[in-house]
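Trainee: There's a structure below that I have some questions on.
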Amino acid sequence: SAVISQKPSRDICQRGTSLTIQCQVDSQVTMMFWYRQQPGQSLTLIATANQGSEATYESGFVIDKFPISRPNLTFSTLTVSNMSPEDSSIYLCSVVVAGRRTGELFFGEGSRLTVL
Amino acid sequence: GNSVTQMEGPVTLSEEAFLTINCTYTATGYPSLFWYVQYPGEGLQLLLKATKADDKGSNKGFEATYRKETTSFHLEKGSVQVSDSAVYFCAAGGSGNTGKLIFGQGTTLQVKP
C-alpha cells in the first residue's frame, strides 16, 4: 500500500485568490492523478501529473486554472487559481503504486476547500 | 469513453439486512472493475476489485462478480452492520492502459441498529 499525505487538509479561501495543495507519497509510484469531488457528487479526474513535464488534462480542465507540478516520482502539487465559490470541493491526490496492477488507486484523505 | 452508473441512494437498511448496490458500466474492451468505500471523515479506500470476466472480488463480507453479459458489477453483502455505513463508489478502468478510473456517482448506505 501507500501512505499519501496531502496539505492542507482543509482551508477557507477568498474569491480571486489561489491555493496550492501538496501531495507526498511514501512509496515509489508509477502514476499520479488529481481528482475533484464536488459536494454530494462523484470523483472527476482533473489531470494526470507527469514527472518533469506538463500534466495531461481532462476535458473541461485547463492548465491556467489548475497548474500542476510533479518534480519527482513521489511529490506533486495542484494549484487552484483565481478561485470562485464553484471551486469549493475536495481535491484528492491518487497514485498507482509501483509493482501493483494498474488501475488500483490509492487516495490521500483529500483537501477540502471552501471558497467564500 | 467508459462510463459507470450506480443505483441512486441513499440506501437505508436495518442491521443484518441483505445489501445490493447495483453498478453497470459501458466500455470498450474489458476494463478492471472496482468498488471503493468512503467512511465518514475518511479518504477513499479500495474495497474489492475484479480484473476479468467472471472474477469475484471479495473483502470484509462484501462481494461483487464481474458480469460481462450484463456489464454489471453489483456489490452485495449478506448481513450489514452499522459500521458499514459509508459512501460506496463503483469504478472502471479508463480506456487503454492509462491508470485512470471512471467513477460512478456514489451510493450512500446508512445502516440503522
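The values are calculated or read from the model by the stated rules, or taken from the named source; none is laboratory data. No experiment lies behind these values; they were computed from the predicted model shown. Please note: Cβ atoms are built from the backbone with ideal geometry, for glycine as well, and neighbour counts cover all protein chains shown. Ligands, DNA and RNA are excluded from the accessible area calculation, which covers all protein heavy atoms including side chains. Shrake-Rupley method; radii C 1.70, N 1.55, O 1.52, S 1.80 Å.
Listed here are the residues, each with its yes/no results for (1) in contact (Cβ under 8 Å) with a residue 40 or more places away in the chain; (2) surrounded by fewer than 17 Cβ atoms within 10 Å (Cβ to Cβ); (3) within 14 Å of chain B (Cβ to nearest Cβ); (4) on the phi > 0 side of the Ramachandran plot.
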| site | (1), (2), (3), (4) |
| --- | --- |
| A:Thr74 | yes, no, no, no |
| A:Val80 | yes, no, no, no |
| A:Arg100 | no, yes, yes, no |
| A:Phe106 | yes, no, yes, no |
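Trainee: When the residues of segment A:61-116 are filtered to those that are small (Gly, Ala, Ser) and part of a loop (DSSP other than H, G, I, E, B), which remaining residue is farthest from the chain's Cα centre (by Cα)?
Mentor: Filtering segment A:61-116 for residues small (Gly, Ala, Ser) gives A:69, A:76, A:81, A:84, A:88-89, A:94, A:98-99, A:103, A:108, A:110-111.
This time we only want the ones that are part of a loop (DSSP other than H, G, I, E, B), so: A:81, A:84, A:88, A:98-99, A:103, A:108, A:110.
Values: A:Ser81: 13, A:Ser84: 17, A:Ser88: 14, A:Ala98: 19, A:Gly99: 22, A:Gly103: 17, A:Gly108: 9, A:Gly110: 8 Å.
It comes out as A:Gly99.
Trainee: Among the residues of segment B:12-30, which ones are of a type outside the set (Ser, Thr, Tyr), closer than 13 Å to B:Leu75 by Cα and open to solvent by 10 Å² or more (accessible area, probe 1.4 Å)?
Mentor: B:Phe18, B:Asn22
Trainee: Quick one: which of A:Gly110, A:Gly52 is more than 13 Å from every other protein chain (Cβ to nearest Cβ) and either closer than 22 Å to B:Ala86 by Cβ or open to solvent by 10 Å² or more (accessible area, probe 1.4 Å) (or both)?
Mentor: Working: A:Gly110 fails: more than 13 Å from every other protein chain (Cβ to nearest Cβ).
Checking each option against the conditions leaves just A:Gly52.
Every residue, every condition in (1) over 24 Å from B:Gly106 (Cα atoms); (2) of a type in the set (Gly, Ala, Ser), yes or no:
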{"site": "A:Ser5", "(1), (2)": "no, yes"}
{"site": "A:Pro8", "(1), (2)": "yes, no"}
{"site": "A:Gln24", "(1), (2)": "yes, no"}
{"site": "A:Ser27", "(1), (2)": "yes, yes"}
{"site": "A:Ser53", "(1), (2)": "yes, yes"}
{"site": "A:Ser84", "(1), (2)": "yes, yes"}
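Trainee: Shifting gears a bit: Does A:Gln22 satisfy the criteria of being in a strand (DSSP E or B) and free of Cβ contacts under 8 Å to residues at least 60 places away in the same chain?
Mentor: So A:Gln22 fits the description; yes.
Trainee: Looking at A:Tyr35, A:Tyr57, A:Tyr91, can you tell me which residue is in contact with a Phe, Trp or Tyr (Cβ under 8 Å, 6 or more places away or on another chain), open to solvent by 40 Å² or more (accessible area, probe 1.4 Å), modelled with pLDDT of 90 or more and within 13 Å of chain B (Cβ to nearest Cβ)?
Mentor: A:Tyr57
Trainee: Also: Just to be sure, is A:Ile68 at pLDDT 95 or above and touching an Asp or Glu at 6+ places or on another chain (Cβ under 7 Å)?
Mentor: Criteria not met by A:Ile68.
Trainee: A further question on this structure: For A:Ala2, are the conditions met, namely being in contact (Cβ under 8 Å) with a residue 12 or more places away in the chain, hydrophobic (A, V, I, L, M, F, W, C) and part of a loop (DSSP other than H, G, I, E, B)?
Mentor: When the stated conditions are applied, A:Ala2 passes them.
Trainee: Go through segment A:39-49 and give me each residue that's modelled with pLDDT of 90 or more, under 13 Å from B:Gln105 (Cβ atoms) and surrounded by fewer than 23 Cβ atoms within 10 Å (Cβ to Cβ).
Mentor: Matches in segment A:39-49: A:Thr44 only.
Trainee: Then there's this: Applying the selection to segment B:8-30, what residues are more than 13 Å from chain A (Cβ to nearest Cβ) and modelled with pLDDT under 90?
Mentor: B:Thr28
Trainee: In segment A:47-72, what count of residues is obtained for those that are β-branched (Val, Ile, Thr) and touching a Gly at 6+ places or on another chain (Cβ under 9 Å)? Before you say what the answer is, go through the steps one by one.
Mentor: Filtering segment A:47-72 for residues β-branched (Val, Ile, Thr) gives A:48, A:56, A:62-63, A:68.
Narrowing the set further to residues that are touching a Gly at 6+ places or on another chain (Cβ under 9 Å) leaves A:48.
Going through segment A:47-72 one residue at a time, the tally reaches 1.
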